[in-house]
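Undergrad: One structure follows; several queries about it will come next.
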Amino acid sequence: MAIVDSVVNAVKDAFFGGPQTWRERLQGQITLVSPDGNQFTAKWIGDNTTLPKKIGQLSPPKVKGDLAQDLGNKSELYSTTFYFTGDNNDTEALAFMAATKEKGTWEITHPVHGFHTFQLISVTKNDQPVENGGITEITADWFEPIDPLELKTARELAGIIDGKANDLNITAAQQFANNLLTASETLRSSIEQTTTGIQRVTDLALGPLFTSVDALDNAVNSIQQGITDTNNATVLQVNALAGQIQNLINLPLFANSKLEDRITAYSQTIAGLSQQLPGGDDSLLSDTASSDAKKNSIATLELGLTAALGSLANIVTTTAISPNGLGPDDSGALATKAQAIQAIEDLTTQFNDTVDALDGAMDLFDTEDIDKQYFSQSEAYNDLALLMYLATEYLLSIIFDLALERRFTLDRPRTPIEVVITEYGSTGENDLFLDLFIYSNNLIGKEIVLLPRGKEVVVYV
């Protein structure tokens, strides 16, 4: 039920602006992922946050007192106290203390502040088994480092992307309203025909995401019914229709956190919408349709395409990050440099294909008077291009924390456990590295016991 609950919360956040009270925003535990990917979950009561200032102090000679120059802020300092509890609290605490010797940053989901990338400064383990049996207290001090190239934290970049995606939706909706023509029933019909085509594409391409989650499936069905009601109204509410189309396309990205699955679904959506443009393989309007009807169809599809590209950027920031290759599993986390590079290529390809498709539709109006021509992305292009740039910047900012994928061919029969110990140094806690090797190489049957000579395998370093 966890995935259903998370989707319900995501849908609620999308419609009502997020949790309304501190109780709804508060999470029940703290999750910590070490630089090598070891994950810990602990109980939490509270902590302290300090914001140190950068102050330049000048002491002029023969003058009482100092001059102060405010140089801004340092990184926030977090002093966090959390507790391992239960029968194995002592071993869990020892495993955590061992993980603190790893070099690099930690990925922490804080009960109050959400996701952070932290650098550990110091840690203290407080053992009191006589007075507090079954509980081990840990106090850790952290700060949030910034990217040395961009001078921003990954979390800040993610927040900027979310804000820019919202700006893009607003600009795209205004562009849609400015371009739409509703003076006649024929023109209204072209809008309705195109929105039906968009619904068909989203059902086909995004259906595998949202139909598996009841809460999200119901939300999408409600939006589709709302689009029908808006189209059937005596007076077309253009802004309402724009928001409904954007929500129809944006919401399915909350179905899960798997990077490749979601990028594939939205890439198919972009391809399907592009083909429905006038002049495309599956054009919704006949060649004999009026120029104004074609402009309506393009404006409506342009809105959908822009929303789909914005969703790709949101997918990047809502995908979990697992360092050192500990992510190619059912969670669909971003774990390797190859995944990040492929995601950058996917974003670039979809952006370029969309621009080319819309520019191709614009060419249909070359012979028209200038006031009757269609101009591709006349208002939203700058916001869209900036959003794609920011998503790429975000991926590049985290790429050095991700593992490198290494493939090689076995020169002799070898057991998986021997390969894992040779390449990773051990099988990992609870055989983590062994499970990763089996999953990432799709080993089944006898291959789990013995790998044949000549088989290609992959490890993450």
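The values are calculated or read from the model by the stated rules, or taken from the named source; none is laboratory data. All figures in this text were calculated on a predicted structure; none of them were measured in a lab. Glycine also receives a Cβ, built like all others from the backbone with ideal geometry; neighbour counts cover every protein chain displayed.
Undergrad: Would you point out which residue out of GLU423, GLU405 is of a type outside the set (S, T, N, Q) and within 17 Å of GLY332 (Cα to Cα)?
TA: Numbers: GLU423 fails: within 17 Å of GLY332 (Cα to Cα).
After applying the criteria, what remains is GLU405.
Undergrad: Would you mind stating whether ALA242 is in a helix (DSSP H, G or I), in contact (Cβ under 8 Å) with a residue 12 or more places away in the chain, under 15 Å from the mean Cα position of the chain (by Cα) and assigned by TED's automatic domain parsing to the domain that holds VAL201? Show your work before the answer.
TA: Details: in a helix (DSSP H, G or I): yes; in contact (Cβ under 8 Å) with a residue 12 or more places away in the chain: yes; under 15 Å from the mean Cα position of the chain (by Cα): no; assigned by TED's automatic domain parsing to the domain that holds VAL201: yes.
Against the criterion (in a helix (DSSP H, G or I), in contact (Cβ under 8 Å) with a residue 12 or more places away in the chain, under 15 Å from the mean Cα position of the chain (by Cα) and assigned by TED's automatic domain parsing to the domain that holds VAL201), ALA242 does not qualify.
Undergrad: Collect the residues in region 363-389 that are within 32 Å of the chain's Cα centre (by Cα) and touching a residue at least 60 places away in the same chain (Cβ under 8 Å), keeping them in residue-number order. Before you say what the answer is, go through the steps one by one.
TA: Taking region 363-389 first, the residues within 32 Å of the chain's Cα centre (by Cα) are 375-389.
Selection gives SER376, GLN377, SER378, GLU379, ALA380, ASP383, LEU384, LEU386, LEU387, MET388.
Quick grid of which residues meet (1) more than 17 Å from TYR381 (Cα to Cα); (2) surrounded by 13 or more Cβ atoms within 10 Å (Cβ to Cβ); (3) modelled with pLDDT of 90 or more; (4) hydroxyl-bearing (Ser, Thr, Tyr):
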position	(1), (2), (3), (4)
GLY133	yes, no, no, no
GLU144	yes, yes, no, no
LEU149	yes, no, no, no
ILE161	no, yes, no, no
ASP167	no, yes, yes, no
LEU181	yes, yes, no, no
SER184	yes, no, no, yes
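Undergrad: Inspect region 291-306 for any residue being over 31 Å from the mean Cα position of the chain (by Cα) and either part of a loop (DSSP other than H, G, I, E, B) or among the hydroxyl-bearing types (Ser, Thr, Tyr) (or both) and give the result as yes or no.
TA: Yes; the residues of region 291-306 include at least one that is over 31 Å from the mean Cα position of the chain (by Cα) and either part of a loop (DSSP other than H, G, I, E, B) or among the hydroxyl-bearing types (Ser, Thr, Tyr) (or both).
Undergrad: Look through region 412-461, keep the residues that are of a type in the set (Gly, Ala, Ser) and under 34 Å from the mean Cα position of the chain (by Cα), and return whichever of them is surrounded by the fewest Cβ atoms within 10 Å (Cβ to Cβ). Please lay out each step first, then the result.
TA: From region 412-461, those of a type in the set (Gly, Ala, Ser) are 425-426, 428, 440, 445, 454; that's our starting set.
In the following step, the residues that additionally are under 34 Å from the mean Cα position of the chain (by Cα) were identified as 425-426, 428, 440.
Working: GLY425: 9, SER426: 11, GLY428: 19, SER440: 19.
Residue satisfying both the conditions and the ranking: GLY425.
Undergrad: Same structure again: Can you tell me which residue among LEU273, LEU277 is closer than 15 Å to GLN377 by Cα and within 32 Å of the chain's Cα centre (by Cα)? I'd like the intermediate steps shown before the answer.
TA: On the way: LEU273 fails: closer than 15 Å to GLN377 by Cα.
Of LEU273, LEU277, the one residue that is closer than 15 Å to GLN377 by Cα and within 32 Å of the chain's Cα centre (by Cα) is LEU277.
Undergrad: Here's another thing I want to ask about it. Output the number of residues of region 201-239 satisfying the condition of being assigned to a helix (DSSP H, G or I), closer than 25 Å to SER283 by Cα and in contact (Cβ under 8 Å) with a residue 24 or more places away in the chain.
TA: So the count comes out to 13.
Undergrad: To continue, here is another question. Scan region 411-422 and report the pairs whose first residue is in the same structural domain as ILE438 (by TED's automatic domain parsing) and whose second residue is surrounded by 16 or more Cβ atoms within 10 Å (Cβ to Cβ) and in a helix (DSSP H, G or I), with Cβ atoms within less than 7 Å and a gap of 6+ or a chain change.
TA: Going by the 7 Å Cβ cut-off, the qualifying pairs are PRO416/LEU434; PRO416/PHE437; PRO416/ILE438; ILE417/LEU434; VAL419/PHE437; VAL420/PHE433; VAL420/LEU434; VAL420/PHE437.
Undergrad: Output the number of residues of region 369-402 satisfying the condition of being among the hydrophobic types (A, V, I, L, M, F, W, C) and not in a helix (DSSP H, G or I). Can you show your working first?
TA: Here is the first cut: in region 369-402, the ones among the hydrophobic types (A, V, I, L, M, F, W, C) are 370, 375, 380, 384-388, 390-391, 395-396, 398-400, 402.
The next check asks that each one be not in a helix (DSSP H, G or I); those that pass are 375, 380, 402.
So the count comes out to 3.
Undergrad: Continuing with this model, one more query. Would you confirm whether any residue within region 427-435 is under 19 Å from GLY37 (Cα atoms) and part of a loop (DSSP other than H, G, I, E, B)?
TA: yes
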